[in-house]
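For reference, the structure is listed below as structure tokens.
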């Protein structure tokens, strides 16, 4: 790559290191945060080194406290006489360079003062940002463009299936749009990837145009068959719990059908034996109380049906949307999530020798499925089971071609055991310090510079890094959006107007 045609926009200052560059910006030169620039390698002459600006700061000695500038400003006058002393300093991280064998290397030495800093041409950036070749087993799709350029940004779905991906960002920053459009583009590929989407808000309906099938989550909800799970869901306590537990165990031993009627009849026998409660009057009162619990909370017992098989569903439908937005029953939703995740993971492990199954599971609002300890939405045995299943899956399943895309607006609330297993990241705008810390500490790109980059990202801009991104350093992509999530059908104002008209 020739650097002769590149425009000089600044010069290195003292204090640079092998991974940190400070340079003064020339007058009338335009330098922006998150943009790429080049410097010459101090030793390997002719090798362009890529840097990225993360902070830009103006200086004017006359405006320092105690100088004449602030005194003039106090009286409402500008210190124009100090304007000529004003200059701009840019701070950049040094990303690396390609050597003569086209291997990406980090800088070994620091730039010297007065080394020029260049504004790259788009052709020059393409040589760095677009790999000369992709991995042999890659399944590549284009997601958008490098911010401010026409250079395409690619992602490897095969790498996601092997190593998982975290998609994080504030509400309305573009996470769901990113995933929807990733799946839209994936639907055009051959071979056609398989996706299972946990849709918590009913946002993925736009994918039906691309062959997606939506199935309510309760079609996959497993039957509650264990005595302990039944009494727990009935919310029984004390001697009532002990009596029903013994009754269900007796029904199970006898091979009888577990129904509310049978449970109540067998409980009557258990109480009449006098082992748990000796007084006939209290036996009768207890049975009446248990009958109330069965009538009001036990409908799930009689409705128990065999759940749909998630494996069969995703084999028949390349894009399977599991709709969790049909109700707010968190416990049943978590039980269903646990069933699907475990079923897919176990099937992939069983078929490892055949090589005939691969799938990517998209987990919306992952903090509900795998919360960090102390941030549980509910505290229950079901919550513990689904979190354990998620951690086990994210730790093992990548080796069996089951990848997860974990999506969250609050990475601080997601299990760090899951985040740390995600080898690729798409991070949208994040301003919360706790959420930034979760990204910094538990993903492979641990640069403190993220604190400078992430708050300033626009909607539908994401910083991408990891094994699914063909470049060995993070890129900021302007995501191409052709389909949007299905949010609320009207704005709040319109809803309030309708409510005014309906007032009695």
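The values are calculated or read from the model by the stated rules, or taken from the named source; none is laboratory data. Note that this is a predicted model, so its numbers are computed, not measured. Note that we place each Cβ from the backbone using ideal geometry, even for glycine, and neighbour counts take in every protein chain shown.
Among 228, 240, 203, which is at pLDDT below 90 and either assigned to a loop (DSSP other than H, G, I, E, B) or surrounded by fewer than 23 Cβ atoms within 10 Å (Cβ to Cβ) (or both)?
The conditions single out 228.
Write out, first by first residue and then by second, each pair whose Cβ atoms fall under 6 Å of each other, whose residues are 6+ apart or on separate chains, and whose first residue, in the range 1-29, is within 18 Å of residue 60 (Cα to Cα) and assigned by TED's automatic domain parsing to the domain that holds residue 56 while the second is modelled with pLDDT under 95 and assigned to a strand (DSSP E or B).
24/87
From (1) part of a loop (DSSP other than H, G, I, E, B); (2) within 39 Å of the chain's Cα centre (by Cα), pick out the condition that doesn't hold for residue 53.
Condition not satisfied by residue 53: (1).
For residues in the range 453-483 being without any contact (Cβ under 8 Å) to a residue 40 or more places away in the chain and in a loop (DSSP other than H, G, I, E, B), which is surrounded by the fewest Cβ atoms within 10 Å (Cβ to Cβ)? Break it down stepwise before answering.
So the first thing to find is which residues in the range 453-483 are without any contact (Cβ under 8 Å) to a residue 40 or more places away in the chain, and the list is 454-455, 458, 463, 474.
Then drop every residue that is not in a loop (DSSP other than H, G, I, E, B), which leaves 458, 474.
Working: 458: 12, 474: 23.
Applying the filter and picking the extreme gives 458.
Considering each residue of the range 65-90, count those that are outside any loop (DSSP other than H, G, I, E, B) and surrounded by fewer than 18 Cβ atoms within 10 Å (Cβ to Cβ), and give that number.
Matching residues across the range 65-90 total 15.
Tell me whether the range 209-216 contains one or more residues that are assigned to a loop (DSSP other than H, G, I, E, B) and at pLDDT 95 or above.
Within the range 209-216, the first condition is being assigned to a loop (DSSP other than H, G, I, E, B), and the residues that meet it are 211-212.
Of the ones still in play, those that are also at pLDDT 95 or above are 212.
There is at least one residue in the range 209-216 that is assigned to a loop (DSSP other than H, G, I, E, B) and at pLDDT 95 or above.
With 405, 360, 391 as the choices, which residue is in contact with a helix residue (DSSP H, G or I) (Cβ under 6 Å, 6 or more places away or on another chain), more than 26 Å from residue 224 (Cβ to Cβ) and touching a residue at least 24 places away in the same chain (Cβ under 8 Å)?
Numbers: 405 fails: in contact with a helix residue (DSSP H, G or I) (Cβ under 6 Å, 6 or more places away or on another chain); 391 fails: more than 26 Å from residue 224 (Cβ to Cβ).
When all the criteria are applied, what remains is 360.
Among the residues that make up the range 33-45, is at least one of them outside any strand (DSSP E or B), modelled with pLDDT under 90 and either surrounded by 17 or more Cβ atoms within 10 Å (Cβ to Cβ) or touching a strand residue (DSSP E or B) at 6+ places or on another chain (Cβ under 9 Å) (or both)?
yes
Select from the range 98-112 the residues that are in contact (Cβ under 8 Å) with a residue 60 or more places away in the chain, within 35 Å of the chain's Cα centre (by Cα) and closer than 16 Å to residue 45 by Cβ and list them in ascending order.
First, pick out the residues of the range 98-112 that are in contact (Cβ under 8 Å) with a residue 60 or more places away in the chain: 104, 106-112.
Within this subset, residues satisfying the condition of being within 35 Å of the chain's Cα centre (by Cα) are 104, 106-108.
Result: 107, 108.
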